[in-house]
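Read-outs throughout are calculated quantities, based only on the coordinates presented, and are distinct from any laboratory measurement. On a predicted model such as this, the values are computed, not experimentally measured, just so you know. All Cβ positions, even for glycine, are placed from backbone atoms using ideal geometry, and neighbour counts span all protein chains on display.
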Amino acid sequence: MPEQRTTPPDTPPPGKARSVHPDGRPDGFTPPNVYAVQLLEGGYTRLRISCDFDRLPALHRDLVSLLTPPLKLLYVQLTDRRTGQLPKPRHHVGVDLSIRQVLDALDACADLVYRDGRHQLWVRGSAPGEQVVLEEIGLIYAYPDDPLTRQRCEAHGLRRDDAAPTMAERDYVMVGFEPAADAQETKLIWSLALREWEG
């Protein structure tokens, strides 16, 4: 994982995060629009998905819509915008959610979900092993590797490239925080009836 720094308030990143030089200046790296196939321990597969931040909301919502309901959602808060990185992440869990409930919450809390680097968002379907994970730096992991998931990625202009560097390979990544996301974080937890979970 790259070293992460927070964004000064006067220089918000174009999305959840940006690649920077050690002194915090942007280094010009743009996330490529690609997906890669990854083989995990035990023979499981997943897709690692990178895209520019303009495509991220539509692509992520599209991938979530492929999951088999009812859904489970895990919101992992890594950082408090006011106080900094948390000593231990806070976990909030929701179960028995419909696709419509989740998509409506993603839309209503878009600044938090797609422009803020304080969290990870895990959405799990009811079929064995299926889930979509959105990381704090804007990468998506889709489990398992599935032809329909690849088709959706390609429909959003992504191509397969197992070797393309992504935000995960950058030496320094600056995550940004949206002040508007503070209220949206509360709204997401309330609207989906998420409960704090000590995992």
Worksheet item: Which of the following values of semi-axes √(5λ) of the Cα gyration tensor in Å was calculated from the structure shown: [x] 32, 23, 17; [y] 24, 22, 15; [z] 26, 18, 15?
Response: [y]
Worksheet entry | In order through region 26-32: 3J(HN,Hα) via Karplus (6.51 cos²θ - 1.76 cosθ + 1.60), integer Hz, x for Gly, Pro | x, 9, x, 6, 10, x, x
Practice prompt. Just grab the label-to-label distance for ALA164 and GLU41, each label 7 Å out from Cα along the Cβ direction, in nm (one decimal).
Written response: 2.9
Response to the item:
Counting only residues 5 or more apart in sequence or on a different chain, those whose built amide H sits under 5 Å from that of THR79 are LEU86
Fill in: Those residues of region 23-58 whose amide nitrogen sits under 18 Å from the label point placed on LEU66, 7 Å along Cα→Cβ
33-40, 44-52, 55-58
Worksheet item: On full extension of the chain, what length is gained from LEU103 through GLU196, given 0.36 nm per residue of separation minus the C-alpha to C-alpha distance?
Response: 31.4 nm
Item to complete: Using the Cα centre as the reference, give the magnitude of the dipole from point charges on the C-beta atoms of the chain (Lys, Arg: +1; Asp, Glu: -1; all else neutral), rounded to the nearest 20 debye.
Response: 220
Discussion item. Full-extension gain between ALA127 and ASP80, please, as 0.36 nm times their residue separation minus the C-alpha to C-alpha distance.
Written reply: 13.6 nm
Worksheet entry | Computed helical MRE - 222 nm, the chain, DSSP H runs ≥ 4 contributing -39500 (n - 2.57), nearest 500 | -6500 deg cm²/dmol
Discussion item. To make sure I understand the rule: partners must be aspartates and glutamates, Cα under 20 Å from the Cα of LYS88, and not fewer than 8 residues away in the same chain. Which ones qualify?
Written reply: GLU3, ASP80, ASP116, GLU135, GLU136, ASP182, GLU185, GLU196, GLU198
